[in-house]
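*Asks:* My structure is below; once you've seen it, I'll send some questions.
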Amino acid sequence: MEVVTRIEDLRRIIPAAKREGRTVGLVPTMGALHAGHLSLIDCAKENGDFIVVSIFVNPTQFGPNEDFERYPRPLEADVEKCREAGVDLIFAPIVDVMYPDGYGTYVDVEGVTDMLEGASRPGHFRGVATVVLKLFAAVEPTRAYFGMKDYQQLKVIEKMVRDLNVKLEIVPVPILRESDGLAMSSRNVYLKPEERQAALALYRALNAAKEAVGSGEKDTKAIQRVASDIIKAEPLAKIDYVAVVDPETLAPIDHIEDKILVALAVRIGSVRLIDNMLVGGNN
Ligand code: AMP
């Protein structure tokens, strides 16, 4: 496994793998790797890809009051995890490689960025779409793997790929959870023990929404209330949003006819956590 930091290295190594007949799978990450990231890598392995993991804490997707500076950057441990997982190549550029002096091109995906994370974090998806398109152009992967943990991000990338005719396949990967239900996240390390316990309210809320739908509730306001009441009952939790939306357009819906997405963002102390669950339809 090689660890490289420059675009030129990618241009040397990846075409060589393609010449040997390999498909190339890209797993974009911000590092601080956990089992959730490894499940993306495992999917790439199942597809037989030459696996490229990018590790880059992308400054353009963080707002001015967000955690860019304090975001964990345990590069050596990440490299070890990738080696053990059978990754072929790590791309870990410094900020200047991705955004050199004079950089000035950004990708704005319309519509699907208006709500949820897009509303709470202005400019976030502009940064995400920009860095992901740059990674696609640098790696030229056959497939790229994205976790459903960041469900809206997945939809934004799918739309960008469609709209800009980017030639690759986007592979969605289900959310990996701790045994008690907390969705794995690099930000979980910020949680103090009592906050870690309080964070379980997110999964409880999603399950309660699922149960309500299972027992025949069709009114999305009632489902939203069931979920938000559970978060409100947790003293350390503060709701950013609890939303019931269409899983494709992410637009709010009033009445359930098919599958819905229950998505939430909740602050536990100073830590902002997101989670979601697809409910109804065949789920
Ligand atoms: P991040 O490093 O947080 O930017 O995440 C990199 C990729 O891993 C994104 O596609 C995430 O959606 C995915 N990911 C993060 N946590 C999980 C999880 N718990 N389950 C599945 N995928 C995840």
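Here, each number is a calculation from the coordinates, and none is a lab measurement. Quantities reported herein were computed from a predicted structural model and do not represent experimental measurements. As a convention, Cβ positions derive from the backbone with ideal geometry for all residues, glycine included, and neighbour counts pool all protein chains shown.
*Asks:* Which of (1) touching a residue at least 24 places away in the same chain (Cβ under 8 Å); (2) within 15 Å of the ligand (Cβ to nearest atom); (3) not in a loop (DSSP other than H, G, I, E, B) does Leu154 not meet, given it meets every other one?
*Replies:* Condition (1) is where Leu154 drops out.
*Asks:* I've got another one for you. Quickly run through the stretch 158-202 and pick out the residues that are more than 16 Å from the ligand (Cβ to nearest atom) and either touching a residue at least 24 places away in the same chain (Cβ under 8 Å) or assigned to a helix (DSSP H, G or I) (or both).
*Replies:* Kept after step one, since they are more than 16 Å from the ligand (Cβ to nearest atom), are these residues of the stretch 158-202: 162-167, 192-195, 197-198, 201.
Hits for the stretch 158-202 are Arg162, Asp163, Leu164, Val166, Lys192, Pro193, Glu194, Glu195, Gln197, Ala198, Ala201.
*Asks:* Among the residues of the stretch 38-60, is any surrounded by fewer than 15 Cβ atoms within 10 Å (Cβ to Cβ), more than 12 Å from the ligand (Cβ to nearest atom), of a type in the set (D, E, K, R) and not in a helix (DSSP H, G or I)?
*Replies:* no
*Asks:* Can you find a residue that is free of Cβ contacts under 8 Å to residues at least 24 places away in the same chain and either hydrophobic (A, V, I, L, M, F, W, C) or surrounded by fewer than 20 Cβ atoms within 10 Å (Cβ to Cβ) (or both) anywhere in the stretch 268-278?
*Replies:* Going through the stretch 268-278, the residues free of Cβ contacts under 8 Å to residues at least 24 places away in the same chain turn out to be none.
No, the stretch 268-278 has no match at all.
*Asks:* Without any contact (Cβ under 8 Å) to a residue 12 or more places away in the chain and away from the ligand (no atom under 16 Å from the Cβ): is that true of Ala205 in this structure? Please lay out each step first, then the result.
*Replies:* On the way: without any contact (Cβ under 8 Å) to a residue 12 or more places away in the chain: no; away from the ligand (no atom under 16 Å from the Cβ): yes.
Considered against the rule, which asks whether it is without any contact (Cβ under 8 Å) to a residue 12 or more places away in the chain and away from the ligand (no atom under 16 Å from the Cβ), Ala205 comes out as no.
*Asks:* If only one of Gly63, Gly147, Gly102, Gly111 is within 15 Å of the ligand (Cβ to nearest atom) and either touching a helix residue (DSSP H, G or I) at 6+ places or on another chain (Cβ under 8 Å) or more than 24 Å from Pro172 (Cα to Cα) (or both), which one is it? So that I can check it myself, show each step before the final result.
*Replies:* Details: Gly63 fails: within 15 Å of the ligand (Cβ to nearest atom); Gly102 fails: within 15 Å of the ligand (Cβ to nearest atom); Gly111 fails: within 15 Å of the ligand (Cβ to nearest atom).
Going through Gly63, Gly147, Gly102, Gly111 in turn, just one is within 15 Å of the ligand (Cβ to nearest atom) and either touching a helix residue (DSSP H, G or I) at 6+ places or on another chain (Cβ under 8 Å) or more than 24 Å from Pro172 (Cα to Cα) (or both): Gly147.
*Asks:* Among the residues that make up the stretch 20-31, is at least one of them part of a loop (DSSP other than H, G, I, E, B), within 13 Å of the ligand (Cβ to nearest atom) and buried (at least 21 other Cβ atoms within 10 Å of the Cβ)?
*Replies:* Yes: one or more hits.
*Asks:* If you take just the helices (runs of 4 or more DSSP H) that sit entirely in the stretch 77-150, which of them hold at least 2 residues that are out of contact with any Cys (no Cβ under 7 Å at 6 or more places or on another chain) and surrounded by 18 or more Cβ atoms within 10 Å (Cβ to Cβ)?
*Replies:* Numbers: elements: 95-98, 117-120, 124-139.
Result: 117-120, 124-139.
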